[in-house]
Ligand code: C5P
């Protein structure tokens, strides 16, 4: 194929010399499978962890590490100049230091100096190295210059220790990369020092010890909101009801719940000190009025009808208990009907709920639930209405945070 005819977004995948380098293969797969052209540029030492042949086979492109490779092609300049995104994963403490100092002692750091596209660096290292003032100063320098330095996850590190410094899940890294490709300015650090609570997923209302009433929410939109907030600097608590198999967002504290009542308790406890609460969870409106203590048996006759009781509206309770300056965001999944379209119902719900912002999604026909993409409208209490074009759920999340930040007090 004529290379000029290849319209796939070009990603340079820089790989630092940390044990998490092996996870860059999964990031590479995620990017190529979602239609990106990826050129892998490892540091020379990264090849101690993953061989060049692996990267070449997975990317279909040659792998070079030194500025003296491919000299006639001037690769140390051209690779950065022609990229749409440079993604570095894992970014080790040494690589962050060399990038912050503007060194160009290998092909990857030279590429970082010539790139004019968004740059996303995903750190992974031991907690002590991450917390060291030198590393923190390097991260601050890079962020000041516009590089997006992702928040590390917490959890198991190499060896017996656990703590902050773990590489985020590869799917999360792909999600962030795709977000920056569609919107270069999607991850400013404008939520630093803000405490954010996001609820996500669908509640399960127990019928008996083995059965429940549930719904189709995958939790993806709520997880995307939590992820984007964490990478924008917020202190994030994610209250997660039942979801699809999703990795914990890096940098967020996850509180797991099952029923609407458990979600209610957890959200109220967290909301007491939060600057923002986003209710993205699909909370059941009704629960079985009685929960059987043992499994309900087939008797052969007519089954006993299930009596339902209404669940309290948590968002309405949050509005009633709102702290000064606290921003409250609701979600509304709507289908149009004879009395009005989706937007009409959304406007009425914003007034009825009394929250500051309401994201209105059109659902049904395979839209919104469980899908990777989302679309809708963002309605604000001040009357503004913004259409949210179809795109990845992280893109919708970034539009929500853009609307939240001006509402936050100083
Ligand atoms: O009224 P509706 O269920 O459409 O409202 C949806 C919004 O209200 C969502 O933000 C959802 O998280 C929240 N909600 C709630 N408590 C309920 C039902 C919905 O907080 N019992």
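Just so it is clear, none of the values below were taken in a lab; they were calculated from the coordinates. Quick caveat, the model's predicted, so the values are computed rather than measured. Virtual Cβ from ideal backbone geometry, glycine too; neighbours counted across all protein chains shown.
Okay, here's what the table says:
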| quantity | calculated |
| --- | --- |
| Bridge type composition, the chain - antiparallel percent by DSSP, nearest 5 | 35 percent |
| Segments 90-96, 343-349 sorted - mean Cβ within 10 Å per residue, highest first | 90-96, 343-349 |
| Size-normalised alpha-carbon gyration radius of region 1-139, reference 2.2 N^0.38 Å | 1.00 |
| 25 °C / 0.890 mPa s Stokes-Einstein diffusion coefficient of region 179-233, Kirkwood radius on C-alpha pairs, µm²/s | 182 µm²/s |
| DSSP-defined antiparallel bridges as percent of all bridges, region 243-347, nearest 5 | 50 percent |
| Span from the region 12-87 Cα centroid across to the region 328-364 one, whole angstrom | 45 Å |
| Extension gain (nm, one decimal) between residue 344 and residue 134, 0.36 nm per residue minus Cα-Cα | 70.2 nm |
| Choice from 269, 21, 399 with maximal GNM fluctuation in the chain (Cα, 10 Å cutoff) | 269 |
| √(5λ) per eigenvalue of the Cα gyration tensor, region 77-140, largest first, Å | 22, 11, 9 |
| At q = 0.22 Å⁻¹, base-10 log of I(q)/I(0) for region 245-292 (Debye sum, equal scatterers on each alpha carbon) | -0.98 |
| Cα centroid separation - region 369-410 against region 254-288, whole Å | 20 Å |
| GNM result for the chain, Cα springs below 10 Å: residue of 54, 135, 299 fluctuating most strongly | 299 |
| Ratio Rg/Rh [Cα only; Rh per Kirkwood] for region 136-260 | 1.03 |
| For the chain, projected area of the alpha-carbon convex hull averaged over all directions, nm² | 24.9 nm² |
| Tilt relative to the chain, helix 170-182 - C-alpha long axis, 0 to 90 degrees, to 10 | 80 degrees |
| Burial ranking of peptide ranges 99-107, 232-240 (average Cβ count within 10 Å, highest at the top) | 232-240, 99-107 |
| Antiparallel content of DSSP bridges confined to region 261-410, in %, to 5 | 60 percent |
| 0 to 90° range, to nearest 10: angle between helix 260-271 axis and the chain longest Cα axis | 60 degrees |
| Ranked by how many other beta carbons lie within 10 Å on average, peptides 167-173, 271-277 from highest | 167-173, 271-277 |
| Estimated Rh, region 299-410: Kirkwood, alpha-carbon pairs, angstrom | 15.9 Å |
| For the chain, built as a Gaussian network whose Cα springs stay under 10 Å, the top-fluctuating residue of 60, 16, 330 | 60 |
